[in-house]
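Okay, structure first, notes after.
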Amino acid sequence: MRLTGLQKILWAAAGIATLAYGAFMVLSDRAPLPVAQAAFRPTFALPDAEGRLRTPADFAGKHMLVFFGFTNCPDVCPTTLSEVAQVMDDLGDDAARVQPLLISIDPERDRRLGLAEFVTAFHPSILGLAGDAAQTRAAADSFKIFFEREEDPSAPDGYAMSHSPALYLIGPDGDWLRQFTYGTPATEILADLQSRL
């Protein structure tokens, strides 16, 4: 059977495509692995109730559960802190390997109202941190969280705070590991932590 000029071109193109595909498959097995992205390491430099400046380095070797909130929060903050308290109780001896932190997004009022007393009422291991406006903004930006003041005549002092409600898990080397959405039950947070400790 004689091939026409067009048929010859089509057969040649099919052959080249087959060879190219074969070469691709062989070479793709040897291709270098993609370069891993740099670890996400959120940071903060905020004073505790005694005025001691705290940074992630203070908790090196521990997992951190970090939450941004405020003492006058009507529901999200108390709910999350209650879940964290349950996790800390259920960890037993492993609780010493976890540091829960509440970073205030309303630091001036929270210091006046007693941030340390507020957080320890949920659990004695929870540490409250409250800096100035610049320190607070820097910490929030590092964790990529949102917060802002909202005027509300029905709220104490005439305002409330809107904020990201997630709970953040930071590893013992300072790397961000994951976030727990608002409403994640303590049992799920506990199971995740226990798998890492």
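Go through Y159, Y182 and list them by solvent-accessible area, largest first, probe radius 1.4 Å.
Values: Y159 20, Y182 100 Å².
Largest to smallest exposure gives the sequence Y182, Y159.
I'd like the Kirkwood hydrodynamic radius of the range 46-196, using the inverse of the mean 1/r over distinct C-alpha pairs, in Å. If you can, show how the numbers build up before the last one.
Working: mean 1/r = 0.0645 Å⁻¹.
Here the Kirkwood hydrodynamic radius works out to 15.5 Å.
Which order do the peptides 44-52, 78-86 come out in when sorted by mean C-beta neighbours inside 10 angstrom, highest first? List each step's numbers first, then the result.
Values: 44-52: 14.3, 78-86: 19.4.
Going by the mean number of other Cβ atoms within 10 Å, highest first, we get 78-86, 44-52.
Evaluate the Debye formula for the range 58-108 with equal point scatterers sitting on the alpha carbons, no solvent, and hand back log10 of I(q)/I(0) at q = 0.14, 0.21, 0.30, 0.31 Å⁻¹, in q order, two decimals.
Taken in order of the listed q values, log10 I(q)/I(0) reads -0.40, -0.79, -1.13, -1.17.
Could you tell me what percent of the accessible area of the range 67-153 is made up of carbon and sulfur, with a 1.4 Å probe and every protein chain present? List each step's numbers first, then the result.
On the way: 2000 of 4000 Å².
Percent of accessible area from carbon and sulfur atoms in the range 67-153: 50.
With the other protein chains left in place, how much accessible area per residue, in square angstrom, belongs to the range 46-196 at a 1.4 angstrom probe? It would help to have the intermediate numbers written out before the result.
Values: 6970 Å² over 151 residues.
Computed with neighbouring chains in place, this is 46 Å² per residue.
Beyond 20 Å, what share of the Cα-Cα pairs of the range 118-186 remains, rounded to the nearest whole percent? Display every interim value, and only then the final one.
Numbers: 1105 of 2346 pairs.
Percent of Cα pairs beyond 20 Å in the range 118-186: 47.
The values are calculated or read from the model by the stated rules, or taken from the named source; none is laboratory data. Everything numeric in this text was worked out from a predicted model, so none of it was measured. So basically every Cβ, Gly included, is an ideal-geometry build from the backbone, and we count neighbours across all protein chains shown. Accessible surface is based on the protein model in full, side chains and every heavy atom, while ligands, DNA and RNA are left aside. Shrake-Rupley method; radii C 1.70, N 1.55, O 1.52, S 1.80 Å.
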